[in-house]
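So the structure is just underneath, and the comments pick up after that.
No value in this document is a laboratory result; all are computed from the given coordinates. All values derive from a computational prediction rather than experimental measurement. So basically every Cβ, Gly included, is an ideal-geometry build from the backbone, and we count neighbours across all protein chains shown.
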Amino acid sequence: MINAWTEATIVAVVAGVVGFFTVLRGSAFVAHAVPNGAFAGAAGASLIGVNTIIGLGVFSLFGALGIGVLGRRGRHDVVTALALVFMLGLGALFVTMSIEYAPEIYSLLFGEVLGISSTELAPTAALAVVCIAAVLVLYRPLMLSSVLAEAGEARGVSAFRMELCFLAVVALATTMTVPVVGTLLIFSLMIGAPAAARSFTDRPGPAIALSVTIALAIVWVAIALSYTTNYPVGFFVGTMSALCYALGRGWAAWRRRRSTRRGAPTAQIAAPGA
Amino acid sequence: MSQSVAALFAPGFFDSTTVHTALIVGTVVAIVAGTVGVFTVMRGQSFAGEALGDIGTTGGSGAFLIGVGPLWGFVAISIVAASAMELIGIQRPRGRDLATGIVLGAALGLAALLLYFDATYTNTTGATVTILFGSMFAIPGSTVPVIVLLSVIVLAMVSALYRPLLLGSVSPELAAARGIPVRPVGALYLLALAIAVALAAMTIGTILSTALLVGPAAAALRLTRRPATAILTAISIGIGATWLGVVLAYDSYDWSSAHHHWPVSFFVVTLVFLAYLLAGVPRLWRARRERG
């Protein structure tokens, strides 16, 4: 149980930070595609009998970079979709090849945080540190390139290179989080919490802090509920992420109504969550 | 000639009713997915298509739980999810991915719960794999009329909306200036997309359904810019990939000593991906010739 808490806390911090940039860049689709495609890596790794983390890492990294490189030529969303389904197709093949695998597929897709052992903690923590360090180093150029790509280019920040760096960070985050919340649900943590946070504040620093806080709260409550009810963690994570987002939107709408009634200038009201 | 035909088609291929059903359903679905897919790619809504497919998992697992056919679950949940996305604001380009993502996350959470119930109460862990990855060889012949009927509905919707939808996809501003109700047209199109995705999920599984929707259409739009030609090309690519996929999956039984079929979905997805990559070749070649 202690392991589950520690692991989930690490995951929530990384998801909150990386997720902030995901929402800022509008890369929700990539954040969905990379973990999902990495599922094939996990299935393949278990087929040939190596550690799942290695399979996840290889597939998510190649998938992310493949999307980045191919996306330069074609339409970005199309390339993302195709890379995703191609990886999933491989996953389907691996799954049929290894026969007695159904429960494990379920736990890969939807997570199994309560089954984490203490030996799995060390690699997760190491990857998390690398991930956060990468975001810290890239912070300013990544922020500039995400908000104003043209201004970034003018200052010598290549948008393409930043995109690749960002995708690599997403791949890293994926590798460490998939065993915990599953390929399908890491995404809802990475989108829901930051999107909710951005409805409350527009400044990046507080928004990241708030995003991490919300992610932590979601994960902790989800584990507690899952422990008492025995229902899958993923269910609680998914539902609560959406709920937080709804609360954020409601708050933003309420504040907007109040400020227009007072006749306040409407300039600062950017579309919430956009 | 007859020898090569015999090598391609394993014995019993033409007599098997499951193969017949798979080919019929594959063809119908490829037609619908190709038509709707061209608009999906033009409107940049691949993520919505992908999300609706994934969300089908929720419907499929729910249907499994209450004991009705998965197709009904796919269709019902897709329509609900499409309405939710429309309400949250899929029509704004900036908030679009987020609206899609939030709905997707919530629905997948629910899918996790329903699949858990499926596994606990019905003692069949296989439900997860069947719903997610599908199998054309497992489609019961009795659902064919329903699939055809739904396909006709989608095609009728798209043809009725064809011109306003096309203009709205290329330039929403121009469409609005001409008095086209852009938002209702977009919402109706999303409905058509939802049904098309549900049909695709029936053939190659919920999380792979995007391949049939987006792949052929994207390849076609790389080859031609004219919408009508693109739709026809997309349909041809889709049918080609499905048929070849069925043949290869049927043959794959003899490939390894383990003797089980490789999944049809794997072949279809891989063929579609190859078609997309190959469709980029003419342009590369032309560019190189112009350069030098």
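For the peptides B:233-244, A:141-152, B:101-112, the ranking by packing is B:101-112, B:233-244, A:141-152, with the highest mean count of neighbouring Cβ atoms within 10 Å listed first. Measuring nothing but how far apart in sequence close Cα pairs (under 8 Å, 6+ apart) lie, relative to its length, chain B scores a relative contact order of 29 percent. Values of log10 I(q)/I(0) for the protein assembly as shown across q = 0.05, 0.13 Å⁻¹ run -0.19, -1.38, by the Debye formula with one identical scatterer at each alpha carbon and no solvent. Overall form of the stretch B:2-291: oblate. Here a/c, set by the Cα gyration tensor axes a ≥ b ≥ c, is 1.5 or more, and a/b is not larger than b/c. The helix-only estimate of mean residue ellipticity at 222 nm for chain A, built from DSSP H runs of length n ≥ 4 each weighted as -39500 (n - 2.57), is -28000 deg cm²/dmol after division by the residue total.
The 3J(HN,Hα) values that the Karplus relation (6.51, -1.76, 1.60; θ = phi - 60°) gives for the stretch B:171-181 are, in residue order, 8, x, 5, 4, 4, 5, 5, 7, x, 7, x Hz. Gly and Pro appear as x.
Against the longest principal axis of chain A, how steep is helix A:159-181, in degrees 0 to 90 to the nearest 10, with axes from Cα atoms? Once rounded, the angle reads 50 degrees. Apply the Debye scattering formula to chain A, with a single equal point scatterer on each alpha-carbon and no solvent, then give log10 I(q)/I(0) at q = 0.11, 0.13, 0.14, 0.16 Å⁻¹. Computed log10 I(q)/I(0) values: -0.61, -0.85, -0.97, -1.23. Its Cα centre serving as origin, the stretch A:2-191 has a Cβ charge dipole (Lys and Arg +1, Asp and Glu -1) of approximately 640 debye.
Other protein chain C-beta atoms within 10 Å of residue C-beta, averaged over B:267-278: 4.
Taking the C-alpha atoms only, the angle from helix A:76-97 to the longest principal axis of chain A is near 20 degrees. Most tightly packed first, judged by the mean number of other beta-carbon atoms within 10 Å of their residues, the peptides B:51-57, B:145-151, B:18-24, A:216-222 read B:51-57, A:216-222, B:18-24, B:145-151.
Dipole check for the protein assembly as shown: with +1 at the C-beta of Lys and Arg, -1 at the C-beta of Asp and Glu, and the Cα centre as origin, the magnitude is about 2720 Debye.
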